[in-house]
C-alpha cells in the first residue's frame with residue numbers, strides 16, 4: 001500500500017459550503033483548493049482521521065460512533081444550516097487503532113462513542129469529499145495547547161499513513177475573530193509569511209523547532225490569541241515525519257484580505 005501524505009487544511013467559517021451569495025463566494029478559492037485534495041492522492045484512502053480544532057480535551061479523545069451525528073457548533077446562521085447532514089460513516093476500528101497507537105507510545109487516549117461531526121470536519125469535508133463515502137474518525141486537540149505534545153501525537157500516528165488512512169489537520173492558519181477581515185490583514189500576512197518560510201521545503205528538525213517556538217513568530221499573538229486552530233498543524237507535521245513539506249494553498253484575500261495557507265507533508 002502506498003504511503004499517504006498528511007495535510008493541514010483551513011476549514012473556513014461555520015457552515016459556509018451550504019451558504020449562498022457573498023459568504024459562499026468569499027470562500028471560492030478555498031473551496032477549489034479543498035476540492036483538489038483527493039486528486040493529489042496516490043490512491044483513495046480507506047478512512048480519514050480529522051484532527052479538529054473544534055474539539056479540545058485534557059487527553060486525546062477519538063470518536064468511535066459508527067454513524068456520527070452532527071454537531072452544529074456555530075451561531076446566528078440561517079435556519080437551514082442547522083439541518084444539514086454530512087453522512088459519512090464513522091469507523092470504530094480506526095478509532096481503536098488510533099487509541100492503541102497513542103497508548104503504545106505512552107500517551108493516554110479515550111474513546112468518545114457519542115461525539116458527532118463538528119464544523120471543523122463537515123465544512124471541510126463537504127468540498128473535499130462531497131460523496132461522503134469514506135469513513136471518518138475525529139481526534140481532539142489537547143486543551144493545554146502544548147505544541148510538543150501535538151507533534152508527538154502526530155509522530156505516534158505515522159503508521160496510519162501506510163495503512164490507507166489520510167490524516168487531515170483541520171484548523172485555520174489565522175484565527176482571531178476580534179480582528180476578522182481587513183482588520184486582521186497585516187497580522188495574518190506577517191504570520192503567514194513566517195509559517196511558509198519556516199515549513200516549506202524545510203527538514204523535519206527545522207520545522208519542529210519553528211513550530212515549538214510559534215508564539216515568538218511575527219504577529220503570533222494577534223494571529224492566534226488562542227492557538228487551538230493552529231494545533232492540528234502540529235499533529236499533521238508530526239505525522240509527516242521526515243517527508244518534505246510543501247505549501248498546499250495560499251490565499252491573500254481570504255474573507256477580506258487575510259492570508260491563510262494549507263500545508264502538505266509528503
Taking 7 Å along the Cα-to-C-beta vector as the label spot, tell me the residue 246-residue 79 distance in nanometres, rounded to one decimal.
4.7
Divide, for the stretch 55-175, the radius of gyration over alpha carbons by 2.2 N^0.38 Å, where N is the residue count.
1.07
From zero up to wherever the largest Cα-Cα distance of the stretch 107-166 sits, split into 5 Å bins and tell me the percent of pairs in each.
4, 13, 21, 22, 26, 12, 3, 0
Descending Cα extents along the principal axes, the stretch 165-213, whole Å:
34, 26, 17
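Can you pull the semi-axes for the chain, root of five times each eigenvalue of the Cα gyration tensor, sorted largest first, whole Å? It would help to have the intermediate numbers written out before the result.
Details: eigenvalues 122, 105, 59 Å².
Taking √(5λ) for each eigenvalue gives 25, 23, 17 Å, largest first.
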Which residues in the stretch 41-57 have a backbone N closer than 19 Å to a point placed 7 Å from the Cα of residue 2 along the Cα-to-Cβ line?
41-49
If you consider only alpha-carbon coordinates, what radius of gyration and Dmax does the stretch 128-194 have, in Å?
16.0, 43
Rounded to 5, percent antiparallel among DSSP beta bridges of the chain:
35
Could you give the C-alpha radius of gyration of the stretch 116-240 expressed as a fraction of 2.2 N^0.38 Å, taking N as the number of residues it contains?
1.09
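Take the Cα gyration tensor of the stretch 88-137, multiply each eigenvalue by 5, square-root it, and list the three semi-axes largest first, rounded to whole angstrom.
With the √(5λ) rule applied to the stretch 88-137, the semi-axes are 24, 11, 10 Å.
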Determine the relative contact order of the stretch 161-222: mean sequence separation of Cα pairs under 8 Å and six or more apart, normalised by residue count, in whole percent.
33
Span from the the stretch 90-167 Cα centroid across to the the stretch 218-237 one, whole angstrom
18
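Laboratory data are not the source of any read-out in this text; all were calculated from the coordinates shown. Please read all numbers here as calculations on a predicted model, not as lab measurements. Don't worry about glycine lacking a Cβ; one is built from the backbone with ideal geometry, like all the others, and counts go over all protein chains shown.
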